[in-house]
């Protein structure tokens, strides 16, 4: 089964697979958000993170390759009464516009092979305006011990060294590794996560 079929199947469940609230890390980034501007939510699935960004007053585009997930995201945005824009897109192949967004957020999108992750991250960097905020949250290799969600392949997981290398020279680079009890839909139980924020060099 390919990734498209797998996610279409998961999002076909009547409930919101990862809940309706944003990832716990995203609201903690609120002090770093601009008062106005634009945001891009990468592989936003059922929309919980894109909806939250839109609720902060940001003109937000939610992209994902799953029509089923995006249908639920549209319903969630309507329910919350926020103007969230949508585009069906493969995050590895999407034509990322240059310097178009003040915030780019990638939350638990670790289905990418390393070669595809490179294309995705290059696109995310290109799309972020100079001085804009990059937000990334993912699982670390220790997550394989917990088995409470996330990818099953070591090379899909994020490490401090990987992020430090990828975003070397970015001002205010902050990386926190932690083990937390997560209650986000299917993401339940102890989890090993890594959270990153950084501003694109001007």
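The values are calculated or read from the model by the stated rules, or taken from the named source; none is laboratory data. Keep in mind it's a predicted model, so treat the numbers as computed, not measured. In this analysis, Cβ positions are derived from the backbone assuming ideal geometry, glycine residues included, and neighbour counts consider all displayed protein chains.
Tabulated data
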{"quantity": "Spans of strands (runs of 3 or more DSSP E) in the range 1-111 with at least 1 residues within 17 Å of residue 133 (Cα to Cα)", "calculated": "38-42, 59-64, 101-107"}
{"quantity": "Number of the exception - residue 40 against (1) within 24 Å of residue 121 (Cβ to Cβ); (2) over 15 Å from the mean Cα position of the chain (by Cα)", "calculated": "(2)"}
{"quantity": "Options 150, 169: the member that is over 24 Å from residue 92 (Cβ atoms) and either touching a helix residue (DSSP H, G or I) at 6+ places or on another chain (Cβ under 8 Å) or assigned to a loop (DSSP other than H, G, I, E, B) (or both)", "calculated": "169"}
{"quantity": "Conditions (1) within 12 Å of the chain's Cα centre (by Cα); (2) surrounded by fewer than 23 Cβ atoms within 10 Å (Cβ to Cβ): number failed by residue 65", "calculated": "(1)"}
{"quantity": "Cross-chain or 6+ apart pairs with Cβ under 6 Å, the range 5-31 first and in contact (Cβ under 8 Å) with a residue 12 or more places away in the chain and at positive phi, then surrounded by 15 or more Cβ atoms within 10 Å (Cβ to Cβ) and in a loop (DSSP other than H, G, I, E, B)", "calculated": "19/185"}
{"quantity": "Among the residues listed as 18, 65, 25, the single one being touching a strand residue (DSSP E or B) at 6+ places or on another chain (Cβ under 8 Å) and modelled with pLDDT under 95", "calculated": "18"}
{"quantity": "Complete set of residues in the range 112-147 that are more than 17 Å from residue 201 (Cα to Cα) and part of a helix (DSSP H, G or I)", "calculated": "114, 115, 116, 117, 118, 119, 120, 143, 144, 145, 146"}
{"quantity": "Residue in the range 41-56 that is crowded, with 19+ Cβ neighbours inside 10 Å, farther than 23 Å from residue 193 by Cα and free of Cβ contacts under 8 Å to residues at least 40 places away in the same chain present", "calculated": "yes"}
{"quantity": "Residue within the range 101-109 that is in contact (Cβ under 8 Å) with a residue 12 or more places away in the chain, over 30 Å from residue 15 (Cβ atoms) and surrounded by fewer than 18 Cβ atoms within 10 Å (Cβ to Cβ) present", "calculated": "no"}
{"quantity": "Top-ranked residue of the range 172-188 - restricted to ones that are in contact with a strand residue (DSSP E or B) (Cβ under 8 Å, 6 or more places away or on another chain) and not in a strand (DSSP E or B), ranked as modelled with the highest pLDDT", "calculated": "173"}
{"quantity": "Residue check for residue 192: more than 22 Å from residue 118 (Cβ to Cβ), part of a strand (DSSP E or B), touching a strand residue (DSSP E or B) at 6+ places or on another chain (Cβ under 9 Å) and in contact (Cβ under 8 Å) with a residue 24 or more places away in the chain", "calculated": "yes"}
